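I have placed the structure first, in the form of structure tokens, so that the comments after it can refer back to it.
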Amino acid sequence: MVNYTKYALKDSEELNTLLKDRDNIFVVACNKCFKEFDTLNEPDADEFAKLAEAQGKRVTGIAKVDFLCNQVRTEERLPDMIPEGTDHIAVVACGLGIQTVANMEVKPVLAAADSLNYTGYHGMALTKKTCGACSQCYLNLTGGICPIVDCSKSLLNGQCGGAKDGKCEVDPQKDCAWQRIYDRLKAQGRLEEFLAQPVQFRDYSRISHREINDYVKNLRERRFSGYYGGVHPSERKEITEDIPLAKFPEPEQVIIPLSMHVGKPAVPIVKVGDHVNVGQKIAEQDGFISCCIHSSVSGTVTAIEPHTHPNKGPGVMSIVIRSDGKDTPDASVKPAGKLEDLTPDEIIEIVKEKGITGMGGAGFPTYVKLKPNKPIDAVLLNGCECEPVLTADHRVLLEYPDAVIFGLQAIMKAVNAPKGYIVIEDNKPDAVALLQSKVKDIKNIEVRCVKTKYPQGAEKMLIKNVMGRMVPSGGLPADVGAVVDNVSTAKAIADAIRTGMPLVERAVTVSGEHMVHPGNFMVRIGTNVQDIIDYCGGTTGDDITIKMGGPMMGFAISDTNVPVIKGSNGIIAVDTQHSEEEACIRCGRCVDVCPMELAPLNFAKYVDEGDAKALLAENIRDCFECGCCQYICSSKIPLVTKIRKGKAMIREVK
């Protein structure tokens, strides 16, 4: 592998000049990107420290940081690394890393390295362009503000006199770089130092890429929009977004797993030969984190035996029911009364007894969320449906808006929340307009339209985007005063209260480029997936993958004779992805797009090494397996698979 180093330490003569009259220096070096992922022990920082100490300078400490140009991670971690008594920070990095540290303005920054012009990508910037690549770094003189890329005229020796109100006359939207330089040097007490410098001349024979400034600025704005990271995969929602929900024909037989939720499997309360009705409870929850299960058809229990589960594989105990075709509702299916007459405890009990779980895919028992034991400031309904291809929630918003709003009001009452939000991505303008019209007279409910970006619908992303709050590592939404539920979950709660019907059916998108007749359907829980595919005309092509869920977080299934469960929001037929895993090249892309601000490349390394302790230190449990890292990975490393393996390693150690 070619080692595309992005900087070289300045020569000793230049460093000796740099260190003159400076002391108490903290050294921070960037672990170089685009190199073999064999060691993080970069020698440059140690070499600089030795040179400084040889001059009698005091080195207060050394830090070696991954991807120093990653503004979010650097701003979060670096201040805690700098010891008391530090007067200067020597940065051994490329120009982007140096400027990132300088812009934090914690201490005067010394550029101890020269950027190099090179071919290949530039780590976190995701570009073939560099900071300027002039190898004439002026950042030591100018307080870390580059006069080449930040000044529209690339002036090296001071203002042109054409700035007005601090804005550049060439680009009125841009702050005058030299005004910024003046202000920073003045604040650092370095104006006299600058004025004593000789006139600077730039060697124009060296290559420069000024446009990198605009490129990186634009990229970072997109990265930070709403929340850090995320990706923009091809949406392919046009396949089904305009197709209304249709009732899928009642199946002749349903197979209902006892484990369709987070927590312990439910316990059967029926036996083979029993007759059951629609909505009748057939399995009781087992413990606090568990969930009741109800029959989705009327008919006879023919077996209670292991069957293949769409997510968990073979051997999951299930209840098999043969339909009698009558669709007879159970006597327990009756309205609970008016919402205003129900107490919070009564609402929670209804949600519990009707077997409602999170329907965005995770399957967490909803009643548990409604008992946060902490003050809740807002309930957020996730209507983003950020997964490509899927449109089921979009159709729920369009076709059941009143039920969604009713469900939100019930949740708000259950947790005593004064504010409710329905959060919808801006690629669903029809749903945004409809829900806004529906809530215009409801003072404590707001429809929030957010930018389309995956994984916008993840609960921690929603909370950060809408409420401006960060769920702490290892924490829950309730820790920051929030409860998050899916819009389909809200509809299920509305059905449970208004009609008494438990969660026995759900909206499912059947789509993908290889599905003959795609559509959106209301499907009974326990319906066979292959029957649904056949109903939609089957699939085309030989080299295809069937997934339950979306293309990013869905599970590929080789056996389509599995049932639809409470968390099944999609059945898609897509191209099989063929790729050969290569060695990690430390390009930093996975770090750049991780919405949880983690470093997935380290997860892969430590999983391969079997180092569970290091995985814990890297906060692998904060990862919710959105797949952004795997989507962007240059080396096609199956990062999500490795992350799941890493979490299993930790559980085994504990």
Problem - Nearest-20 debye value, the chain charge dipole, Cβ charges on Lys, Arg, Asp, Glu - result: 940
Practice task
Assign one of three labels to segment 262-323, namely rounded, prolate or oblate, based on the Cα gyration tensor with a ≥ b ≥ c the square roots of its eigenvalues; rounded applies when a/c is under 1.5, prolate when it is not and a/b is larger than b/c, and oblate otherwise.
Solution key: oblate
Practice task
Classify segment 344-474 as rounded, prolate or oblate, taking a ≥ b ≥ c as the square roots of the eigenvalues of its Cα gyration tensor: rounded when a/c is under 1.5, otherwise prolate if a/b is larger than b/c and oblate if not.
Solution key: rounded
Problem - Given charges at Cβ of Lys, Arg, Asp, Glu: the chain dipole, positive-most of Val106, Ile411, Ala433 - result: Val106
Practice task
At 30 Å minimum axial length over the Cα atoms and a Kyte-Doolittle cut of -0.5, report the qualifying DSSP H helices in the chain, or say none.
Solution key: none
Fill in the blank from the handout: The lysines whose Cα lies under 18 Å from the Cα of Lys57, excluding any fewer than 8 residues away in the same chain, are Lys10, Lys20, Lys107
Completion exercise
In Å², rounded to a whole number, the accessible area per residue of the chain with probe 1.4 Å is 42
Handout entry: Residue-span extension gain [Ala617 to Asn157] - 0.36 nm each, minus C-alpha spacing
Key = 160.9 nm
Practice task
Could you name the aspartates and glutamates whose alpha carbon sits less than 13 Å from that of Lys167, not counting residues in the same chain fewer than 8 places away?
Solution key: Asp150, Asp175
Handout entry: Percent carbon-and-sulfur accessible area, segment 1-108, ignoring ligands, DNA and RNA, probe 1.4 Å
Key = 43
Handout entry: Net charge, Thr560 excluded, C-beta distance under 13 Å - Lys, Arg +1, Asp, Glu -1
Key = -2
Exercise for the section: Sort largest first and round to whole Å: the equivalent ellipsoid semi-axes of the chain, each the square root of five times a Cα gyration tensor eigenvalue. Expected result: 55, 26, 23
Practice task
Sort all Cα-Cα distances of segment 149-206 into consecutive 5 angstrom bins from zero, then give the percent of pairs in each bin up to the one containing the longest distance.
Solution key: 4, 18, 25, 22, 19, 10, 2
Handout entry: Peptides 388-395, 337-344, 368-375 ordered by average Cβ neighbours within 10 Å, highest first
Key = 388-395, 368-375, 337-344
Fill in the blank from the handout: Charge dipole of the chain built from unit charges on the beta carbon (Lys, Arg +1; Asp, Glu -1), centred at mean Cα; most positive-end Cα among Cys151, Val484, Tyr606 is Cys151
Practice task
Go ahead and estimate [θ] at 222 nm for the chain from helices alone: -39,500 (n - 2.57) per DSSP H run with n ≥ 4, summed, over the residue count, rounded to 500.
Solution key: -8000 deg cm²/dmol
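In the chain, what % of DSSP beta bridges are antiparallel (nearest 5)?
Expressed as a percentage, antiparallel bridges in the chain total about 50.
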Problem - Environment charge of Cys384, counting only residues whose C-beta is closer than 11 Å and scoring Lys/Arg +1, Asp/Glu -1 - result: -2
Handout entry: Of Lys451/Lys566; Lys369/Lys451; Lys428/Lys491; Lys247/Lys566, those spanning more than 21 Å from alpha-carbon to alpha-carbon
Key = Lys451/Lys566; Lys369/Lys451
Problem - Proximal aspartates and glutamates to Lys352, defined as alpha-carbon separation beneath 20 angstrom and excluding residues fewer than eight positions away on the same chain - result: Glu284, Asp286, Asp330, Glu340, Asp341, Asp485, Asp495, Glu505
Handout entry: Within the accessible area of segment 568-637 (1.4 Å probe), percent carbon and sulfur
Key = 45
Practice task
Kindly rank 172-182, 27-37, 411-421, 47-57 from highest to lowest mean number of other beta carbons found within 10 Å of each residue.
Solution key: 27-37, 411-421, 172-182, 47-57
Handout entry: Proximal charge balance of Ala49 [Cβ under 11 Å; K/R count +1, D/E count -1]
Key = -1
Exercise for the section: Of the options Ala54, Met501, Ile350, report the single residue whose Cα projects farthest towards the positive end of the charge dipole of the chain (beta-carbon charges: Lys, Arg +1; Asp, Glu -1). Expected result: Ala54
Fill in the blank from the handout: With a 1.4 angstrom probe the carbon and sulfur portion of accessible area for segment 259-406, in percent, totals 54
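The values are calculated or read from the model by the stated rules, or taken from the named source; none is laboratory data. All values reported here derive from a predicted model rather than from experimental measurement. Neighbour counts run over all protein chains shown; Cβ positions are idealised from the backbone, glycine included. Surface areas here come from the heavy atoms of the whole protein model, side chains and all, with no ligands, DNA or RNA. Shrake-Rupley method; radii C 1.70, N 1.55, O 1.52, S 1.80 Å.
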